[in-house]
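Reviewing the structure listed below.
The values are calculated or read from the model by the stated rules, or taken from the named source; none is laboratory data. Please read these numbers as outputs of a predicted model, since none were measured by experiment. A quick note on method: Cβ atoms are made from the backbone with ideal geometry, for glycine too, and the neighbour counts reach across all protein chains shown. Protein only, heavy atoms only, side chains kept; ligands, DNA and RNA dropped before computing areas. Shrake-Rupley method; radii C 1.70, N 1.55, O 1.52, S 1.80 Å.
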Amino acid sequence: MGNYTTYVGLDVHARSIEASGIDVETGEEFSRSFRGCPTPEDVAEWLGTLPQPVLAGYESGCTGFTLARGLRASGLDCVVIAVSTLPMSTRDRKRKCDRLDARAIRRELANPDSGYSTVWVPDEKTEAERDLVRCYRTAIDTAKHAKQRLVMFLTRHGHVWSERTRTGRPKKAWTRDFEKWLDSIELPQESARRAFAAYRRQVRDACQEVRELKAEVRALAALPEHKPYVDALVCLKGMDVENAVLSLVEIGDFARFPSGRKVSCWLGTVPTDGSSGESEKHGRITKAGNRYLRRALVEGYSSVAVWVSGKKVVPRGAEVSPACQSIAARANQRLHERYDHLAHERHKNPNKAKVAVVNELVRWIWVIGLQVRAELEGAAGA
């Protein structure tokens, strides 16, 4: 706090920005309303007229990091505050407007005892790669929902896929046999036939989009700056190339976390804490962090219950150092034993045990990322 003279809270919207600042030495207050889709240059020009040095801040949200990057490019310090770490009283909820929100942010910035957390601001390249991988994850959901709509449509019309193999096990859907079954369905009403054709077309288009985006993500993984990280991360069980790329672009800079617990808190897999006095109470996970990576890792570990062991062969074509292989081997063994202990010895709910494993998995991802980073820096220095 002592390094700044003026603190400015910004309530940022798509088409307007409300600014509220204070000079902590004189107590003088400043305010400004920007209208008409203001640019970072507009805000930087006004901030440059205030007593220097200035620290500006705004809440994380849909407006992204363009403003923060623009202000930093102009030589001004700007932070993006995690909105979940800003305190809000009952009075604040009853009296809320842009001006008051800007003042609340300013108050937190100027308070040396404030407990707010800042969000890491990625560069444009990292954010673009993050957008591509998130788009791929969204396409997967779109395809899944399209398939569900088609199956539910057929169920309403009395057509249910119930084919079985020679051993009596149910056949999987969305195979060649399933497609042949769809081709054989005949509906009596013309409107139903048109709806059926539209549902099938939606499924085909959505699956084609998934295939194209998956190829784009694979190409991203093959880039020289990403391949060492991806090759090392896929040595972990439950991690494929797509999840490894997602981990890389979502974390961005592995060195920005001081400890593994901070990584778990960022992912939102630590339990809530309601302890008071002698009473200790822990509840569900916070889910306060990155939902894209958290969901992908949990889905990747959906088959942990049927794993025979924690071993995993290094994928073909991957170039992994012995140190990273050793870390991945220890991680796989530890996570496998952890799940067995929770699910079979302590009889925990399998889903809870799986989330507990993911809570440790992300820490191993962080350790491997740091190891790869150190190896690359050492090679560059040599």
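Please give the per residue accessible area of segment 290-348, computed with a probe of 1.4 Å over protein heavy atoms only, in Å².
Heavy-atom SASA per residue in segment 290-348 reads 62 Å².
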*Total formal charge among the other residues, if their Cβ is under 10 angstrom from that of LEU50, Lys/Arg +1 and Asp/Glu -1*: -1
*Theoretical FRET efficiency, 1/(1+(r/R0)^6), r = Cβ-Cβ of ALA192 and THR165, R0 25 Å, to 0.05*: 0.25
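Please calculate how many Å² of accessible area segment 7-127 carries per residue, with a 1.4 Å probe and no DNA, RNA or ligand atoms counted.
Value for segment 7-127: 54 Å² per residue.
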*asked:* Ranking request for peptides 180-191, 321-332, 234-245: highest mean number of other beta-carbon atoms within 10 Å first, then the rest in descending order.
replied: 234-245, 321-332, 180-191
_Let me check against my output: what whole-number percent is the relative contact order of segment 1-117, with C-alpha pairs under 8 Å and at least 6 apart?_
33 percent
*Can you count the Lys pairs in segment 106-248 with C-alpha separation below 17 Å, eight or more apart or on different chains?*
9
_Let me check against my output: what whole-number percent is the relative contact order of segment 168-259, with C-alpha pairs under 8 Å and at least 6 apart?_
17 percent
*Which order, highest average first, do 349-358, 282-291 follow once you tally other Cβ atoms within 10 Å for each residue and take the mean per peptide?*
349-358, 282-291
*How much accessible surface area, in Å² rounded to 10, belongs to the heavy atoms of THR175 with a 1.4 Å probe?*
60 Å²
*Summed residue charge, Cβ within 15 Å of GLN208's Cβ, Lys/Arg positive, Asp/Glu negative*: +2
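Note the full-extension length gain between LYS144 and LYS180 as 0.36 nm times their separation in residues minus their Cα-Cα distance, in nm to one decimal.
Extra length from LYS144 to LYS180 when fully extended: 11.0 nm.
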*With the dipole of segment 330-382 worked out from charges on the C-beta (+1 for Lys and Arg, -1 for Asp and Glu) around the Cα centre, which of HIS344, ILE365, LEU376 lies farthest toward the positive end?*
HIS344
_segment 102-163 and segment 54-80: distance between their alpha carbon centers, rounded to Å_ = 22 Å
*Among residues other than ALA329 whose Cβ falls under 9 Å from its Cβ, what is the net charge (Lys/Arg +1, Asp/Glu -1)?*
+3
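Give me the percent of DSSP beta bridges within segment 1-151 that run antiparallel, rounded to the nearest 5.
Details: 16 of 26 bridges.
If we restrict to bridges inside segment 1-151, about 60 percent are antiparallel.
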*If contacts are Cα pairs under 8 angstrom and at least 6 residues apart, what is the relative contact order of segment 234-382 in percent?*
30 percent
*In nanometres, what is the gap between the two model label sites at HIS226 and VAL313, each 7 Å from Cα along Cα-to-Cβ?*
2.6 nm
*Of the DSSP beta bridges with both residues in the chain, give the percent that are antiparallel, rounding to the nearest 5.*
65 percent
*Ignoring ligands, DNA and RNA, what percent of the accessible area of the chain is carbon or sulfur (1.4 Å)?*
49 percent
